[in-house]
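Data block below; observations after.
Any read-out appearing in this document is the output of simple, stated calculations on the displayed coordinates, not a laboratory observation. What you see is a predicted model, and the numbers here were worked out from it, not measured in a lab. Quick reminder, even Gly has a Cβ in these numbers, built from the backbone with ideal geometry, and neighbours come from all protein chains shown.
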Amino acid sequence: MLEKFGSPENKFITDEEITEALRAKGNEDPETRTLLLKWTEQNETEANNINTSRANIECTVKQALLYKEADYIEEALDTLEDARLAAFNEKETELYEQIIAIINGID
């Protein structure tokens with residue numbers, strides 16, 4: 001399967017590749033997990049380069065939306081709950097409200 005999606009060590013993993021891998025093999029497949037880990041590392045590095053709590057929270061929301069797109073609703077909701085709590089703790093009121101709206105749209 002990695003041949004289809006490319007080598008995760010040597011390239012940027014796109015959102016679309018992760019969604020396709022999740023749909024094709026599921027989130028328990030070792031190759032999909034490797035791709036998801038690489039994708040997460042890429043996005044966390046990007047958020048860390050921005051160096052704000054908001055960027056880190058938005059990274060978590062992005063991961064949740066990816067899960068939602070791949071029809072992993074429970075994982076999406078769990079991840080959104082993490083982001084919601086982080087936004088609350090960081091007093092990111094606007095982002096907190098956006099996350100609540102996303103959660104309510106899924107329920």
Of 94, 46, 58, which has the largest mean-square fluctuation in a 10 Å C-alpha GNM of the chain? 94
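Pick out, in residue order, every one of the trypsin sites (Lys or Arg not before Pro) in the stretch 10-44 that is DSSP loop and has at most 12 other C-beta atoms within 10 Å; say none if there are none. Show your work: numbers first, answer last.
Numbers: sites: 11, 23, 25, 33, 38; in loops: 11.
The qualifying sites are 11.
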What spacing in nm lies between the two simple spin-label points modelled at residue 20 and residue 44, each 7 Å away from Cα in the Cβ direction? 2.6
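Give me the count of lysine pairs in the chain whose alpha carbons sit under 19 angstrom apart, restricted to pairs 8 or more positions apart or on different chains. Kindly include the intermediate steps, with their values, before the conclusion.
Working: 4/25; 4/38; 11/38; 25/38; 25/68; 38/62; 38/68.
Lysine pairs meeting both conditions in the chain amount to 7.
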Which one, 55, 64, 76, has the greatest fluctuation when you compute a Gaussian network model over the chain with C-alpha springs under 10 angstrom? 55
Under a Gaussian network model of the chain whose springs join Cα atoms within less than 10 Å, the largest fluctuation of 69, 28, 97 belongs to 28
